[in-house]
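Working notes, structure below.
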Amino acid sequence: MSLEQNISKALNELYSVQVEPELQETRKEFDGDVTLVVFPFVRAAKKKPEEVAEELGNKLLELSAIADFNVVKGFLNLTLDRSVYVDQFKTFASDPHFGLPTPGSRGAYIVEYSSPNTNKPLHLGHIRNNLLGYSVAEILKANGVAVSKVQIINDRGIHICKSMLAWQEYGNGETPESTGLKGDHLVGKYYVKFDQVYKEEMKRLLDEGKTGDEAKKLAPSLLKAQEMLLKWEQGDAEVVTLWKTMNNWVYTGFNTTYTKLGVDFDKNYYESQTYVLGKDDVNKGLESGVFYKKDDGSVWIDLEDEGLDHKLVLRSDGTSVYMTQDIGTAIQRFKDFDAKGMTYVVGNEQDYHFKVLFLILSKLGYPWAEQLHHLSYGMVDLPSGKMKSREGTVVDADDLIDGMVADAEAISKELGKLDGLEIAAQKELFTTLGLGALKYFILKVDPKKRMLFNPAESIDFNGHTGPFIQYAYARIQSLQRKAPESSELDWSTLTLNEDETIVIKSLLQFSDIVDQAARNFSPAVLANYAYELVKKYNGFYQNNSILKAETEQSIAFRLLLSKKVGEVIKASMNCLGIQVPNRM
RNA sequence: GGCCGUGUAGCUCAACUGGAUAGAGUACUUGACUACGAAUCAAGCGGUUGAAGGUUCGAAUCCUUCCUCGGUCACCA
């Protein structure tokens, strides 16, 4: 019987109340291991909180697991017998899954993330998206869910035509090969070029006395882009060929960035293939009365009962809008994957869109619609404010990654601990550390919060950072390398000191933390846990000799404890998409 | 303006979803390497949790009003 169950039983016997007590960790300024707040039971007990706590404490003392207790106001602090921790650690240490659910035992699930446009390279905002998406997928996997990662690539539309047009007119046949530019950067260059030309045209038209709206309809470059879009939709061979060529440049570029970032996908959806999908579903919904048609032929949904607005789902000319496509894509995905739910990793500027999308799918009667979730994350701000592509303040993903790796290299070389390590291995290490710093920096922040990124100060490698955790791991591996043949551990005679107990308590939380991170779709929970674990282990490491402990027994135990800490660090960091080095 | 989110130490972030005296990092001041790796550890400094009310044994957390900052209210995506 668990401690909670025993407490529940005792409460029932003493005061005949039926409750499931919640234990919390005793704060370090008080004596004890776990604390029960007795306020919830004082009414039923009809006694003062202190009396209740005292009475309950005495009753629980009968249990062999309870060594002692003390009462502070309405708080009952229980001290567990150290053998409880020995037993629990023994169980923990023998389980390669750390008490986590069996992989795949909790059904299937879809995570959508990244979903970029194909007209410009990825930037810092995409990095937060990618890291969150990848990490949430890994966390769900660790928690027993079979996850499929997908993205939808926004490969069609007017914005794509803009870069195509600019390349056609000003590109002189440039290719990634001829320029040495990454494909996505090359295409992005012409997207910017289009914008410059368009702006000049607008300025001229406005100077000529046109209003803003008039100018927009007259700007030659935009007219040409629209004409190109039309040709694309009609399947014009030349336009389609150019479109395919330039998109492939972008995909090659994206894949390089994805590989560097260490993220991947199980299936890509392309908007050019899915944008018609939703139309059928809308028509079905029209028949069943979920949608209604206006006189001009446009199709809408009335969401006033939900406190929202009327929302367009099909244009009057019958073409689909973003919503149409998202309806179709969602339905398609649940046909492709037999999943119980899906989460979309998309910035919080689309909160309203997803609220509406989920409502629509629910009204259309799909059972999985109740299991849709929008992982809404905040913008990444710079010290100068928002990232603005037009003002050139965008932090490019590739530049950022390369910069972090270069920083890691500089710091590592200054510390000079890498003698004897091959150049290739060193390079790999700099990547591990640079990316570790970047990823940890971004993932430790609660997703829904806006976060500040200061590129000038770059990112720390000391303190609450990825490399701090990686360093602890590397030290443990060094320890293992130097360890003697470990003798058998006699669990029955093992005793624990305070530092060891603290580390064990932290290790035992791991599966709960993974579950909490999964429920909240929050890598930050796991990131902060890994840091806490390392801090506690470092405290232990500093005050206790491991290889020169007093007894063989102690050496063997501390080595095992260290090994397990290393494993949990690695598992936690891998859930964040962060690698750990054997030395650094 | 309506709706959504956010506001915690100088700065960057926590706080197990209502629990005890709100914690870390950074910066600043100090101590610890002939030590299993100092990218470490230890100590000090730093707070009216945006403001005011309310709910209760107990509030950063829940409710009301106001304020800041951001997002969103397109036949754009």
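The values are calculated or read from the model by the stated rules, or taken from the named source; none is laboratory data. These numbers come from a predicted model, not from an experiment. Don't worry about glycine lacking a Cβ; one is built from the backbone with ideal geometry, like all the others, and counts go over all protein chains shown.
What to note about this one:
- Any hit, the stretch A:330-340, residues being outside the structural domain of residue A:196 (by TED's automatic domain parsing) and within 14 Å of RNA strand B (Cβ to nearest atom): no
- Any chance residue A:560 is surrounded by fewer than 19 Cβ atoms within 10 Å (Cβ to Cβ) and either at pLDDT 95 or above or assigned to a helix (DSSP H, G or I) (or both): yes
- For residue A:384: the one exception among (1) within 25 Å of residue A:345 (Cα to Cα); (2) more than 9 Å from RNA strand B (Cβ to nearest atom): (1)
- Cβ pairs under 6 Å, 6+ apart, first in the stretch A:566-584 and within 15 Å of RNA strand B (Cβ to nearest atom), second of a type in the set (Val, Ile, Thr): A:566/A:476; A:570/A:580; A:573/A:580; A:579/A:432; A:581/A:432
- Residue match in the stretch A:390-397 (condition: outside any loop (DSSP other than H, G, I, E, B) and within 11 Å of RNA strand B (Cβ to nearest atom)): no
- Within the stretch A:305-320, residues that are more than 7 Å from RNA strand B (Cβ to nearest atom) sit with their Cβ atoms under 6 Å from residues that are of a type in the set (S, T, N, Q), at 6+ positions apart or across chains, in these pairs: A:313/A:324; A:314/A:324.
- Within the stretch A:477-501, residues that are under 15 Å from residue A:83 (Cβ atoms) sit with their Cβ atoms under 7 Å from residues that are within 13 Å of RNA strand B (Cβ to nearest atom), at 6+ positions apart or across chains, in these pairs: A:489/A:556; A:489/A:557; A:494/A:557; A:500/A:540; A:500/A:561.
- Summed over the stretch A:1-30, residues that are more than 20 Å from residue A:508 (Cα to Cα) and within 15 Å of RNA strand B (Cβ to nearest atom) total 7.
- Residue in the stretch A:76-96 that is at pLDDT below 90 and within 14 Å of RNA strand B (Cβ to nearest atom) present: no
- Matching residues, the stretch A:33-72, being within 14 Å of RNA strand B (Cβ to nearest atom), within 16 Å of residue A:4 (Cβ to Cβ) and of a type outside the set (A, V, I, L, M, F, W, C): A:33, A:35, A:40, A:57
- Within the stretch A:268-304, tally of residues that are closer than 30 Å to residue A:247 by Cα, of a type in the set (A, V, I, L, M, F, W, C) and either in a helix (DSSP H, G or I) or within 11 Å of RNA strand B (Cβ to nearest atom) (or both): 2
- Residue check, residue A:407 over 27 Å from residue A:567 (Cβ atoms), more than 6 Å from RNA strand B (Cβ to nearest atom) and part of a helix (DSSP H, G or I): yes
- Any hit, the stretch A:532-539, residues being near RNA strand B (Cβ under 9 Å from one of its atoms) and more than 29 Å from residue A:84 (Cβ to Cβ): no
- Within the stretch A:452-497, the residues that satisfy the criterion of being hydrophobic (A, V, I, L, M, F, W, C) and either at pLDDT below 90 or more than 8 Å from RNA strand B (Cβ to nearest atom) (or both) are A:452, A:453, A:456, A:459, A:469, A:476, A:483, A:489, A:491, A:494, A:496.
- Remark: residue A:91 matches the filter, which requires a residue to be free of Cβ contacts under 8 Å to residues at least 12 places away in the same chain and not assigned by TED's automatic domain parsing to the domain that holds residue A:251.
- Residues of the stretch A:2-44 satisfying the condition of being surrounded by fewer than 14 Cβ atoms within 10 Å (Cβ to Cβ), closer than 15 Å to residue A:66 by Cβ and under 36 Å from the mean Cα position of the chain (by Cα): A:2, A:5
- Every condition in (1) farther than 30 Å from residue A:127 by Cα; (2) part of a loop (DSSP other than H, G, I, E, B) holds for residue A:263 except the one numbered (1).
- For residue A:438, the conditions (1) under 14 Å from residue A:125 (Cα atoms); (2) assigned to a loop (DSSP other than H, G, I, E, B); (3) under 21 Å from the mean Cα position of the chain (by Cα) all hold with the exception of (2).
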